[in-house]
1. Just report the Cα centroid separation between the range 212-241 and the range 1-50, whole Å.
2. According to the Cα gyration tensor, what semi-axes, each the square root of 5 times an eigenvalue, does the equivalent ellipsoid of the range 30-155 have, listed from largest to smallest in whole Å?
3. Can you give the convex hull volume of the alpha carbon atoms of the chain per residue, in Å³?
4. Rank by packing, highest mean first: peptides 130-138, 222-230, with packing defined as the count of other Cβ atoms within 10 Å averaged across residues.
5. Need the full-extension length gain, Lys157 to Asp235, defined as separation in residues times 0.36 nm minus the C-alpha distance. One decimal, nm.
6. For the range 129-291, what number results from the quotient of the Cα radius of gyration and 2.2 N^0.38 Å?
7. Go through Ser161, Pro90, Asn212 and say which Cα lies farthest out towards the positive end of the charge dipole of the range 86-221; charges sit on Cβ, +1 for Lys and Arg, -1 for Asp and Glu.
8. Using 0.36 nm times the number of residues separating Lys208 and Ala149, minus their current alpha carbon distance, what extension gain do you get?
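Rule-based calculations on the coordinates, nothing more; no lab input. Note that the structure is a prediction, hence the values are computed from the model and not measured. Positions of Cβ are generated from backbone atoms using ideal geometry, with glycine treated the same way; all protein chains shown enter the neighbour counts.
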Amino acid sequence: MEKKINIEIVNDIEKAKKIWNKLSPNNFLCDDWNYRYCFYKYFDYPLYFYVGLSKGEIVGLLPLQYNEDEKYLEFFGGGFMKDNRVFIKPEYKDCIKQFYNAITIPVRIIHIFGQDQFTKSFNVSVQKYIADLSIIKDVDDYLFQNFKAKTRYGLHKKIKSIESLDPMIIENNYEDLDLMFELNKKTFGEKSSFNKPYRTETFHDLLKLNFNIHLFSYIINGKKEAVSFSIKYNDIYVYINAGTNKEAISNLGTYNIYKNIDKAVKIKSKIFDAGLEALGWKERWHLKKIPQYDFIYK
């Protein structure tokens, strides 16, 4: 029988933080308060943290914010977040539906992790792409296990074409983050996420946190031609974004993915998390699709 809980809305940031840190399992990078807060603080939207209580005990949390520009509720941290879900004590998992039913104003919450049959009944908004590295010896072993011989040959040919240029990879020269923004905008134009308000400031703030950061700068023929940004969180290597001068160096994007998977394996990551949407390469690299759901109420 489904337990009945009371749901209250918390708006105070300090109280919200304490509840988050009490209930978050911190499995994924987006479960980390400090990471989320970087994407929240410049907007400072009103918080709508739906807190579940049973006999006065806090047992669950649906952390939302009210987007004053779009006039709807969304997940804390906004649309860049993924694996969103109700933080819930295991014995109250059958109460997840009650949190969603408690929402009575317009809401658009997306990129929901399917944590039970109720949330898995929502519409799929987008796919998250991951690779299981738990039994991978090295990056070439990944290619061997996931690609047919002919395709593997073609990939190695592309990689060797870059290596013949004697590239130099510098790790964690934080001054190169701005170059990543510039190269990303050059490739994607108006569609680049770095055109969004405060996105570049947010990424600079991420560098100040105590995360296991891997910022790669690729130098070819004396010029920096690509920069990628990743964070290892627990056993998950999260490939977050990159900028590549594709016009100058062909196959550099492929080489960057190769080197990031290589790094992920070397630092004993169990999962390579390539983020949301296929973006023209993730399915070619045979990454596994994990559905992310949405819940919209107008």
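1. A separation of 29 Å, based on Cα centres.
2. Here the semi-axes work out to 36, 19, 14 Å.
3. In the chain, the Cα convex hull volume per residue is 141 Å³.
4. The densest-packed peptide leads the list: 222-230, 130-138.
5. Values: separation 78, 0.36 × 78 = 28.08 nm, distance 3.05 nm.
Full extension from Lys157 to Asp235 adds 25.0 nm.
6. 1.01
7. Toward the positive end, the furthest listed residue is Pro90.
8. 16.9 nm
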